[in-house]
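The values are calculated or read from the model by the stated rules, or taken from the named source; none is laboratory data. Remember, it's a predicted structure, so these values are computed and weren't measured experimentally. Note that each Cβ is placed from the backbone with ideal geometry, even for glycine, and that neighbours are counted across all protein chains shown.
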Amino acid sequence: MKPEKLLDLYRDLQRYVAWTEEDACRIRSVMERVRPHFVSLVDDFYEEIQKHPHASKVITGGAAQVQRLKGTLCSWLEDLFAATCDNDYVLRRWKVGWRHVEIGLAQVYTNAAMSRLRAGLMRILAQTQAVEGPELALAAESLGKLIDLDLAIIEDAYQTEFLLRQDRIKRLATIGELAGGVAHELRNPLGIIRNAAYYLRMAQQDFSQDANDAFDEMERGLATSNRLVSELLDYVREPKREELRFPIGTAVTEALASIKIPFNVRLHLPPENGHVACLADRGQVIQIIDNLLRNAIEAMPHGGKLSLKIHSTADRVILEVVDSGVGIAATDLAKVFEPLFSRKTKGIGLGLAVSQRYAELNFGSLHVESALGNGATFRLILPSG
């Protein structure tokens, strides 16, 4: 939203809740009594987040990121009690909401978090006796208005992104129909070309080296084209699931069989725990692993280390694909599973979207942790068998 429109909206919302300069003065008057409790309030806030996987999953940078976020929240509280409500204040509040959208935090958790902060602040107001009697009720009312205004602006950021996504969904639906038809029509001629190339190579054994190199190039191009066609068809058609119990290590082995590991990539496979069984569609799990391995290799254009790790809990099997590649920017982490999103020069950006879809279809999940320049870890979680 344009800043001027955002400010107009905020002013209209202020009138709606009957916000006045007296409200701002009441909030500023209690700031010094409340400020010493910001740290404990923020510690409680992030301690609670860790108890809720759907909220904590967006924190991918470990303890260092949590520490930075705590500082940001303390600044947010300082900003709140300054109650300036000017253009910069409103824009900063809206950006908080947009950042939540970017990292993939569901709006319900934003609302719940604001409720917890509100309850904590009201409790601090009462316990510190920052004001007494009727003034306490008035200060609490003013603070409630300001928090509600913040929440409304954050919600506007979510709604803006929702409308943008709805538009993208409509366009993707049209593209999907077109792509599905094109992919289906391409599969037959690609098969004819592949068969013809195979026949010619077998029929003539004494090709020159240049001719053999040309055939190799043709086969690589055909393999890439077939993979793109398969991704398109996997994305547009409704997948069916055949549940089987199988060792996840065998799925890793089968996925690796179709991938050429570059000479400058060091591959580290899981040890004996590869026999841990999962309960899922074998073909779909192999496709997920194939996509993750190819992405990891492409993320290391100059070589590096590719590690596969397998863990298990009482009811889950966890496969981690870890690379030492270029990493993923923080702003892209929430987008990597979106269809057609890609920072690569090759591919169409459907591999991870299909992989996540397959993971969820098998009652599992797919997550990513990364930082720019520090590689990436993709974690596939499936029911144990």
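Scanning the stretch 320-342 turns up at least one residue that is in a loop (DSSP other than H, G, I, E, B), assigned by TED's automatic domain parsing to the domain that holds ILE261 and basic (Lys, Arg). When the stretch 245-260 is limited to residues that are assigned to a loop (DSSP other than H, G, I, E, B) and over 27 Å from the mean Cα position of the chain (by Cα), the one that is surrounded by the fewest Cβ atoms within 10 Å (Cβ to Cβ) turns out to be LYS260. Filtered by the rule that a residue be within 26 Å of PHE378 (Cβ to Cβ) and of a type in the set (Phe, Trp, Tyr), the stretch 57-116 gives TRP98, TYR109.
Checking every residue in the stretch 235-243 against the condition of being farther than 26 Å from PRO339 by Cα and at pLDDT 85 or above gives zero matches.
Listed here are the residues, each with its yes/no results for (1) closer than 29 Å to ARG245 by Cα; (2) surrounded by fewer than 17 Cβ atoms within 10 Å (Cβ to Cβ); (3) at pLDDT 85 or above.
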residue: PRO339; (1), (2), (3): no, no, no
residue: LYS344; (1), (2), (3): no, yes, no
residue: VAL354; (1), (2), (3): yes, no, no
residue: TYR358; (1), (2), (3): yes, no, yes
residue: LEU361; (1), (2), (3): yes, yes, yes
residue: SER365; (1), (2), (3): yes, yes, yes
residue: GLU369; (1), (2), (3): yes, no, yes
residue: GLY375; (1), (2), (3): no, no, yes
residue: LEU380; (1), (2), (3): yes, no, yes
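Okay, residues lined up against (1) closer than 23 Å to ALA330 by Cβ; (2) polar (S, T, N, Q):
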{"residue": "HIS37", "(1), (2)": "no, no"}
{"residue": "ASP44", "(1), (2)": "no, no"}
{"residue": "HIS52", "(1), (2)": "yes, no"}
{"residue": "LYS57", "(1), (2)": "yes, no"}
{"residue": "GLN65", "(1), (2)": "yes, yes"}
{"residue": "ARG68", "(1), (2)": "yes, no"}
{"residue": "CYS74", "(1), (2)": "yes, no"}
{"residue": "THR84", "(1), (2)": "no, yes"}
{"residue": "VAL90", "(1), (2)": "no, no"}
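Kindly establish whether PHE38 is in contact with a Gly (Cβ under 8 Å, 6 or more places away or on another chain), over 14 Å from ASP156 (Cα atoms), of a type in the set (Phe, Trp, Tyr) and surrounded by 14 or more Cβ atoms within 10 Å (Cβ to Cβ). Answer is no for this residue. Checked against the criterion of being surrounded by fewer than 22 Cβ atoms within 10 Å (Cβ to Cβ) and more than 16 Å from ALA376 (Cβ to Cβ), the candidates SER324, SER307, SER312 yield just one match: SER312. The condition of being in contact with a helix residue (DSSP H, G or I) (Cβ under 8 Å, 6 or more places away or on another chain), outside the structural domain of ALA329 (by TED's automatic domain parsing), within 22 Å of ARG116 (Cβ to Cβ) and in contact (Cβ under 8 Å) with a residue 24 or more places away in the chain holds for only one of VAL90, VAL66, VAL96, that being VAL96. Exactly one residue out of VAL276, VAL285 is touching a helix residue (DSSP H, G or I) at 6+ places or on another chain (Cβ under 9 Å), at pLDDT 90 or above and surrounded by 18 or more Cβ atoms within 10 Å (Cβ to Cβ), and it is VAL285. Residues in the stretch 290-306 that are in contact (Cβ under 8 Å) with a residue 40 or more places away in the chain and either under 15 Å from ILE259 (Cα atoms) or assigned to a loop (DSSP other than H, G, I, E, B) (or both): ASN291, LEU292, ARG294, ASN295, ALA296, GLU298, ALA299, GLY303, LEU306.
Every condition in (1) at pLDDT 90 or above; (2) surrounded by 15 or more Cβ atoms within 10 Å (Cβ to Cβ) is met by ARG266 except one, and the failing one is (2).
A single member of ARG11, ARG68, ARG35 is assigned to a helix (DSSP H, G or I), out of contact with any strand residue (DSSP E or B) (no Cβ under 8 Å at 6 or more places or on another chain) and modelled with pLDDT under 90, and it is ARG68.
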